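For reference, the structure is listed below as structure tokens.
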Amino acid sequence: MPADTASFVVQLDGHAASATDLAPLAFAGYAHFTAMQVRDRQVRGLDLHLRRLRDASLALYGVALPDDTLRAYLRRAIQAGPADLSLTATVYSPAGEFTVAGPEILPRVLVRTAPPADGPAGPLALAVIAHERVVPAIKHVGETAKTYYLRQAAAQGYDDVAFTDRQGRLSEASIWNLAFWDGDAVTWPEADMLAGTTQGIVQRQLTRLGVPQRIRAMTPADMARQQGAAVMNSWTPGIAVSRMGDAVLPLSHDFIALLHRAYQAEPAAAM
């Protein structure tokens, strides 16, 4: 079916972006972003998205736009399209790369929308590859390795890839956070990684639901003791993982349902 062209909006600082505006960004590699799913013009975890953009701007540029400004840019793009859509907000410095701009150079915000997405149905088989992302705490655009290793995993017959650090600990997957279930508690990997907004939503709602959670080092050898595993990102709060490397994992429908229930318990913020 043809794409819903009404879903595609591109705005720069709250206004329709022209080809002249976009040309300097064609090969820009020093920027950060957040991605979200919008339903009925509402967003879950808006505070987490705004905090992500604020913290990353301070880390990369030494200055951040006010939350009210960011929210206004998001609102304008959402109002320009249908009620349900995918949205990506990318923040960059007009000074460009390979320069050290001072805090007087304010970041700019490119907001793009597209049709809504829910992610693959799963379950997914994940290859395990040793890789540590550069500046892992920031959701930045310099991520060639993630797609490279995804392609390597697909060539080996896997659906996607999970990463281990130099200590052998599982950290995250290509564009996903990892979560594990031992039959009693949800376990989150202990390693340097990107803290996902969906992960943050699920964590705080699991706390409110009284579900035990722990953070500990997880290795591929630990998979034999797990009763379920899942990946999550802005598309979905939980897709089952059936295999990780050579380890076959049981499919826990209760675990996946729990992750989705926690996510749905999060109030959505009107835009």
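The table that follows gives values for the structure above.
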{"read-out": "Label-point gap, in nm, between ILE105 and GLU132 - each point 7 angstrom along Cα→Cβ", "value": "2.9 nm"}
{"read-out": "Dipole magnitude (debye, nearest 20) for the chain, charges at Cβ of Lys, Arg, Asp, Glu", "value": "280 debye"}
{"read-out": "Between 0 and 90°, nearest 10: helix 253-264 axis offset from the chain longest Cα axis", "value": "30 degrees"}
{"read-out": "Using a Förster distance of 51 Å, the FRET efficiency for ASP47-GLN227 (Cβ separation, nearest 0.05)", "value": "0.95"}
{"read-out": "Accessible area of the chain belonging to carbon and sulfur atoms, whole % at 1.4 Å probe", "value": "54 percent"}
{"read-out": "Theoretical gain in end-to-end length, GLU143 to PHE8 [0.36 nm per residue, Cα-Cα removed]", "value": "46.2 nm"}
{"read-out": "Between 0 and 90°, nearest 10: helix 197-209 axis offset from the chain longest Cα axis", "value": "50 degrees"}
{"read-out": "1.4 Å probe accessible area per residue over the chain, in Å²", "value": "48 Å²"}
{"read-out": "Dipole of region 10-114, positive end: most advanced residue of PHE27, LEU46, ALA101 [Cβ charges, Cα centre]", "value": "LEU46"}
{"read-out": "Semi-axis lengths (Å, descending) of the ellipsoid that matches the C-alpha gyration tensor of region 141-271", "value": "23, 18, 14"}
{"read-out": "Fraction of antiparallel bridges per DSSP, region 124-270 only, in percent to nearest 5", "value": "55 percent"}
{"read-out": "Net +/- balance of residues flanking ARG243 in space, Cβ distance below 15 Å, scoring K and R +1, D and E -1", "value": "-4"}
{"read-out": "Rounded if a/c under 1.5, otherwise prolate or oblate - region 17-58, Cα gyration tensor axes", "value": "oblate"}
{"read-out": "Farthest positive-ward along region 124-270 dipole, Cα basis, beta-carbon charges - from LEU194, GLY168, GLY238", "value": "LEU194"}
{"read-out": "Computed [θ] at 222 nm, helices only, for the chain once each DSSP H run of length n ≥ 4 contributes -39500 (n - 2.57)", "value": "-8000 deg cm²/dmol"}
{"read-out": "Rg/Rh (Cα only; Kirkwood hydrodynamic radius) as it applies to the chain", "value": "0.97"}
{"read-out": "Net charge of neighbours whose Cβ lies under 12 Å from the Cβ of ALA77, counting Lys and Arg as +1 and Asp and Glu as -1", "value": "+4"}
{"read-out": "Angle between the chain longest axis and helix 46-61 axis [Cα atoms, degrees, rounded to 10]", "value": "70 degrees"}
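The values are calculated or read from the model by the stated rules, or taken from the named source; none is laboratory data. If you're wondering where the values come from, they're calculated on a predicted model, not measured in any experiment. Positions of Cβ are backbone-derived with ideal geometry, glycine not excepted, and every protein chain shown enters the neighbour counts. These area figures cover heavy atoms from the full protein model, side chains too; ligands, DNA and RNA do not enter into them. Shrake-Rupley method; radii C 1.70, N 1.55, O 1.52, S 1.80 Å.
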